[in-house]
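Bear in mind these aren't lab numbers, they're just calculated from the coordinates by the rules spelled out. Please read these numbers as outputs of a predicted model, since none were measured by experiment. All Cβ positions, even for glycine, are placed from backbone atoms using ideal geometry, and neighbour counts span all protein chains on display.
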Amino acid sequence: MSAMNWRNSLLSLRASRLGEFAIGLLDFDLPWRLPNISFPVYLQSSKNLTEMLTAGGKEAGEREIFRLISGRSEMQDFWDIGANIGQYTWEFISAGSNKRALLFEPDQRNVATIEKTILRSSLSTCELMKLAVCDRIGTLEFKRDTITGKQGTIVQDANIERVMGRAAQSSIIPCTTLDRVYEERQRAPDIIKIDVEGAEQSVINGGAQLFREHSPIIFIEVLPQNFDGVKTLLSSSGYQIFDAVTRGVAHEHSFNLIAVNPARHRAIFDDFFAAGR
């Protein structure tokens with residue numbers, strides 16, 4: 001059986017009622033050592049086997065350039081939108097001294113895992129906000145991924161429901177915008193990571209002032225159907241969009257993108273992306 005067939009079979013088993021019940025029984029947190037992180041982090045035994053067995057999980061190419069940029073001395077503040085278990089944050093603050101991070105995560109299961117890592121390693125420069133980021137302030141419906149813990153979303157026509165083959169577990173959660181957080185804190189991030197399972201346009205729409213005034217570097221996962229909208233929104237604020245793996249100009253199937261405003265980050269643009277234009 002091919003690797004893809006094995007993966008699909010495993011996903012089908014996990015999506016079944018029996019599989020979901022088994023996941024619940026085996027769902028506990030374990031402290032683990034991952035590459036490029038200078039302290040133990042907590043992983044979920046039932047949902048993070050890939051990270052445990054492959055020394056950090058997927059997206060190796062994306063995380064490599066993330067670490068290279070994060071390690072530069074001028075990269076001090078990181079906002080992690082859709083933090084999941086916090087892996088990108090842990091790599092960011094391990095990349096150098098005087099690093100600060102603000103994590104946004106609405107899934108209470110993931111929140112518990114993040115809080116354990118922060119507490120165990122006394123990560124005083126990391127702050128967790130237990131809410132979603134979008135284009136409005138208030139509350140909205142959140143669909144929780146009880147299978148993998150990685151596809152929870154605020155999008156109504158969500159991929160998680162196709163994966164599970166049934167309606168996802170939902171709840172009403174608080175939400176805010178990037179601009180509101182920026183205004184309240186009077187401090188902008190140098191890097192933002194956005195991984196929100198299809199809600200990326202909503203997040204960007206809520207950060208127009210931040211992107212216009214500060215132009216943080218953006219690492220963003222974009223579904224193909226949202227690529228044109230995301231590109232238009234970011235280009236209007238002076239950004240150029242690149243594939244996070246090839247570092248060439250991004251296209252609708254790039255999936256993991258990096259947005260850089262050359263006027264704001266000329267040295268980073270020249271060092272990593274100028275050759276790919």
Can you tell me the length gained on complete extension of the stretch Phe39 to Arg72, counting 0.36 nm per residue apart and subtracting the Cα distance? 9.9 nm
For the range 51-138, run through the GluC sites (Glu not before Pro) and keep only the ones in DSSP coil with at most 12 other Cβ atoms within 10 Å of their Cβ. Glu74
Show me the trypsin sites (Lys or Arg not before Pro) within the range 164-242 that DSSP assigns to loop and that have at most 16 other Cβ atoms within 10 Å of their Cβ. Arg166, Arg187
Given the Cα-Cα distance of Trp32 and Glu115 and 0.36 nm per residue of separation, how much length would full extension add, in nm? 28.4 nm
Set of lysines with alpha-carbon distance to Lys143 below 21 Å, sequence-local pairs under 8 removed: Lys47, Lys130, Lys193
Below 16 Å, Cα to Cα, which aspartates and glutamates can Lys116 reach? Residues fewer than 8 away in the same chain don't count. Asp27, Asp29, Glu105, Asp107, Glu127
